Structures are given as structure tokens and as C-alpha cells.
């Protein structure tokens, strides 16, 4: 079973590839990697080396940090597990200063409180 981190990196590569309008085949050509290997990376079936990751980063023409900016991905409730969503939230606030993080925390607490109110709960 693939680790959550491999899934996040694979999903991020897929997101960035599609954002640039590239197919797996086009990315594989630019990176000098077989297209089935790109598929394996995106599906977290492959544990890639740093050398391969560098080829993909260069082919996507991105900064290396973008591979780990998980908050950029489009999350779907049925596709993302809780840990991946928490990792994305962490990625989103990691570079913020303390005051910004505290403000985000206050807003988050208000959102959670609103979800916890009995009138806002949906009957399952």
C-alpha cells in the first residue's frame, strides 16, 4: 500500500501536469521517462528517486517547492482522505507568520463551532 506522502506527490504531479495542458505522454517525452512510469508515479504505484523527481520538475518548468505545495490541488470529498486534507491545510499555512496563523485558527474554530451546532447538522 502506498504511503500518504507518495499519493500526495503523485496527485500534485498530475495536477501540475494537467494545469499545463500536458498528457502523460507529453510529460514523459519532456522528462525522458516512459509514460507508464509517469502513470505509476501519479497513481502512487512507484516510489520515485530524487533524480526522477528532478526530471519531472524540469519538464513541468516549475520550482521544486511547487511539488510539495499540496494546498494547490483540487480536493474532492470522495477522493481525499482526512490525512491528505490536513496535510494540504498545513501546506497552506506553513509559510504564514504567527499572527496570520492565529487569525486562521480563530476563523477555523468559528467554522467548526458552526458545524457543531445542532441546527446546521444534516440528518443522515
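Residues checked against (1) modelled with pLDDT under 90; (2) surrounded by fewer than 20 Cβ atoms within 10 Å (Cβ to Cβ):
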| site | (1), (2) |
| --- | --- |
| 8 | yes, no |
| 13 | no, no |
| 16 | no, no |
| 20 | no, yes |
| 25 | no, yes |
| 29 | no, yes |
| 33 | no, yes |
| 40 | no, yes |
| 43 | no, yes |
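Does residue 62 count as within 12 Å of residue 17 (Cα to Cα) and assigned to a helix (DSSP H, G or I)?
Criteria not met by residue 62.
Against the condition in contact with a helix residue (DSSP H, G or I) (Cβ under 7 Å, 6 or more places away or on another chain) and either at pLDDT below 90 or under 19 Å from residue 5 (Cβ atoms) (or both), how does residue 120 come out, does it pass? Considered against the rule, which asks whether it is in contact with a helix residue (DSSP H, G or I) (Cβ under 7 Å, 6 or more places away or on another chain) and either at pLDDT below 90 or under 19 Å from residue 5 (Cβ atoms) (or both), residue 120 comes out as yes.
The values are calculated or read from the model by the stated rules, or taken from the named source; none is laboratory data. Worth saying up front: this structure is predicted, and the values here are computed from it rather than measured. With ideal geometry, Cβ positions are generated from the backbone for all residues, glycine too; neighbour counts draw on all protein chains shown.
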